[in-house]
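Read the figures in this text as sums done on the coordinates, not as results from a lab. Here the structure is a predicted model, which is why all the values come from computation and not from measurement. For neighbour counting, all protein chains shown are included, and Cβ atoms are generated from backbone atoms with ideal geometry for every residue, glycine included.
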There are 2 protein chains.
Amino acid sequence: MAGQATSIIVDWGTTSLRATLVSQNGKELDHLETEQGISSLSKGEHEAVLMAALSPWFSAHGALPVAALGMITSRNGWIEVPYVPCPAGPAELAAGTVRRTLPNGSDLVFLPGLNDPARRPFPDVMRGEETQIVGHGLVPDATIILPGTHSKWARVKSGRIDSFQTFVTGEIFNLLVNHSFIARGSTQPPVEDPDAYRWGLDEAKQSTAMLSLLFSARTGGLVGRLSADQLRSYVWGLVIGQEFRQARDAGWYSEGGAAAIVGNDGLNDLYVVAADVFDLKTSMGTDDALTKGALAVLQQTLA
Amino acid sequence: MAGQATSIIVDWGTTSLRATLVSQNGKELDHLETEQGISSLSKGEHEAVLMAALSPWFSAHGALPVAALGMITSRNGWIEVPYVPCPAGPAELAAGTVRRTLPNGSDLVFLPGLNDPARRPFPDVMRGEETQIVGHGLVPDATIILPGTHSKWARVKSGRIDSFQTFVTGEIFNLLVNHSFIARGSTQPPVEDPDAYRWGLDEAKQSTAMLSLLFSARTGGLVGRLSADQLRSYVWGLVIGQEFRQARDAGWYSEGGAAAIVGNDGLNDLYVVAADVFDLKTSMGTDDALTKGALAVLQQTLA
């Protein structure tokens with residue numbers, strides 16, 4: 001084994017429990033995943049489920065500190081951990097953790113989510129993405145994009161997460177392609193078309209009228225210029241393009257600027273193309289950002 | 001009877017067939033409605049369905065010219081009638097009609113929809129709303145709003161419909177409240193809250209970032225400032241407010257301007273409030289705009 005196991009990171013979301021066994025320096029030694037997300041569990045079941053999932057590692061390595069994050073710390077999870085306000089780095093996040101002791105004596109540390117009180121009309125929120133940003137790195141100052149159902153744009157400044165904003169881009173896409181007038185016109189199974197995607201981005205870049213632009217997904221078919229095979233990628237272009245346009249207008253970047261894309265939800269390649277269309281240089285984060293970030297907060301907590 | 005029956009207007013949509021018996025001057029003498037929309041019919045069934053529906057009137061009054069409009073003239077309807085391009089008034093629409101003769105000798109006139117070739121990226125389209133606009137009146141020049149699942153903003157100029165643009169506002173609202181993260185947080189049965197609606201409009205007026213603004217429907221609940229009872233009306237405010245913001249940016253009106261609200265889809269009262277928030281004076285069209293408009297085109301066709 002390349003390193004000694006020193007802790008366990010549990011990313012416990014709505015539909016799955018993902019755990020990683022890590023060494024002192026963050027090397028991922030083993031991984032497991034179950035479908036026991038919080039939506040399948042009732043109050044009072046969480047500890048037994050966690051102990052059963054981690055028992056092979058506890059048997060092999062004895063008690064180990066466990067960091068748990070994600071929707072498990074939300075109102076519908078195990079215990080609700082209050083959001084830590086921006087600006088925040090590992091120290092502020094560690095101060096917001098909630099600790100328990102597991103039956104085998106292991107420390108269980110629930111990591112907090114982050115909110116941004118400066119956003120209007122209400123503070124914005126994230127649970128999990130803040131840990132990815134910490135793992136990606138808080139030096140130097142940077143703009144970070146986390147693509148997803150509810151994608152996030154964040155600013156890293158002076159070693160902390162300074163501010164962020166949510167865009168419900170992936171959710172709107174899913175609604176449109178699964179339930180709207182667009183659903184009826186699209187090829188099944190879905191076809192990916194890079195040219196149609198870029199076309200959608202170009203149209204989104206030129207329009208402030210998102211509610212009108214979306215109708216082009218129908219009118220393009222009516223005039224025979226947008227095929228059923230192109231529709232899905234074209235709509236991705238419209239909505240991700242609107243996210244980039246709106247994020248620019250909200251001050252997250254300027255043309256010619258740079259940003260890092262962090263996370264691993266399958267949309268990163270689409271976001272790289274969008275950034276190119278909007279003249280934003282991008283770098284790609286590594287897949288272990290969540291593990292590294294959780295370990296950083298855990299080590300601060302237990303220090 | 002207050003006037004002699006001279007024609008029949010058939011508004012034949014996706015889910016219903018609505019027919020009105022009218023006098024020479026447009027007075028509505030009788031009305032019937034069935035659930036035989038085009039989605040429930042196959043090719044070849046339409047004529048028999050229409051004859052059965054209208055047979056009481058044909059028996060009482062003999063052969064009468066029939067104007068048919070709506071999705072019945074679309075690709076999935078009885079016959080596809082090509083769109084007439086803007087600018088267009090009754091003369092241009094009459095020139096775009098398609099005529100048939102029914103088994104009892106009645107003229108059947110299919111009214112065309114309208115497209116706007118100037119819109120980008122593709123020509124915009126309407127089927128039925130153009131007839132409502134004609135019935136509302138083409139003098140003097142005006143901006144017309146037709147609220148709906150796919151609402152329309154149109155410009156009447158020099159006695160014709162000069163241009164128009166579609167906003168998929170009602171569709172996005174329905175997707176959000178029925179299928180999204182918002183659906184889970186809203187009270188059932190729905191509650192209407194005028195203050196929450198105006199609040200959503202105010203927020204929409206201040207934001208260019210629609211994809212971000214929609215997330216406030218969740219964050220407002222998280223901080224306890226937006227209740228489940230308020231959610232539905234607040235979201236209506238967000239989306240209709242964004243329509244008014246985007247329509248203003250697209251040049252359909254300026255602050256202090258005026259517009260007429262035409263149509264009868266149940267949203268008119270919400271649009272009057274939105275117009276007030278966006279400093280747009282409104283007048284309300286009458287409920288018989290569709291009948292009057294269809295009669296005007298029918299009379300031009302048969303003249």
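Label-point spacing at B:S227 relative to the other copies reads 5.4 nm, in ascending order, each point sitting 7 Å out from Cα along Cα→Cβ. For the rotational copy pair B/A, the chain B residue whose Cβ lies nearest the symmetry axis, together with its distance in Å, is B:L175, 2. Mean silhouette area of the protein assembly as shown, derived from the convex hull of its C-alpha atoms and averaged over all directions, reads 30.2 nm².
When chain A is treated as a Gaussian network with alpha carbon springs shorter than 10 Å, the biggest mean-square fluctuation among A:E255, A:E203, A:E28 belongs to A:E255. Where in the stretch B:119-143 is the amide nitrogen less than 14 Å from a point lying 7 Å along the Cα-to-Cβ axis of B:A258? Under cut-off, by backbone N: B:139-143.
Note on chain A: Kirkwood radius taken over Cα pairs, Stokes-Einstein applied at 25 °C and 0.890 mPa s, translational D equal to 119 µm² s⁻¹.
Modelled spin labels at A:N76 and A:R100, positioned 7 Å past Cα toward Cβ, are 1.9 nm from each other. Under a model in which nothing but the beta-carbon of Lys, Arg (+1) and Asp, Glu (-1) is charged, the stretch A:169-284 shows a dipole of about 320 debye around its Cα centre. Karplus-based coupling profile of the stretch B:266-272, in residue order and whole Hz: x, 9, 4, 5, 5, 5, 5, with θ = phi - 60° in 6.51 cos²θ - 1.76 cosθ + 1.60 and x standing for Gly or Pro. The modelled label-to-label distance for the pair A:M51/B:S40, using points 7 Å beyond Cα in the direction of Cβ, is 6.0 nm. Taken about its Cα centre, the stretch B:226-303 carries a charge dipole of about 160 debye when Lys and Arg each add +1 at the Cβ and Asp and Glu each add -1 at the Cβ.
Gyration tensor analysis over the Cα atoms of the stretch A:169-284 returns equivalent ellipsoid semi-axes of 24, 15, 12 Å (largest first, whole Å). Between the stretch B:48-112 and the stretch A:131-170, the C-alpha centres lie 58 angstrom from each other. At full extension, A:A63 and A:D141 could sit 24.3 nm farther apart than now, given 0.36 nm per residue minus the alpha carbon distance. As a length-normalised measure over Cα pairs under 8 Å and 6 or more apart, the relative contact order of chain B settles at 16 percent.
Along the charge dipole of the stretch B:169-284, pointing to its positive end and built from +1/-1 on Cβ of Lys, Arg, Asp and Glu, which listed residue (B:W199, B:T282, B:V272) has its Cα farthest out? The one lying farthest along the dipole's positive direction is B:W199. Is there a pair in B:K27/B:K157; B:K157/B:K281; A:K281/B:K205; B:K152/B:K205; B:K152/B:K292 whose C-alpha atoms are over 25 Å apart, and which pairs would that be? Long pairs (Cα-Cα over 25 Å): B:K27/B:K157; A:K281/B:K205. Computed from the C-beta positions of A:Q188 and A:T286, the FRET efficiency with R₀ = 56 Å rounds to 0.95. Per-residue packing, averaged as other Cβ atoms within 10 Å, sorts the ranges B:63-73, A:269-279 into the order B:63-73, A:269-279, beginning with the highest.
Largest GNM mean-square fluctuation among B:G137, B:G263, B:G185, using chain B with Cα springs under 10 Å: B:G185.
Take A:N104, move 7 Å from Cα toward the beta carbon, and the resulting point lies 8.4 nm from the same point in each other copy, nearest first. Just B:Q24, B:Q132, B:Q165 to compare: in a GNM of chain B, with alpha carbon springs under 10 Å, which one fluctuates most? Top of the fluctuation ranking is B:Q24.
The other copies place their B:E192 label points at 4.6 nm from this one, listed shortest first, where each point is 7 Å from Cα along Cα→Cβ. Projecting the Cα atoms of A:V177, A:I38, A:P121 onto the charge dipole of chain A (Cβ charges, centred on the Cα centre) puts A:P121 farthest toward the positive pole.
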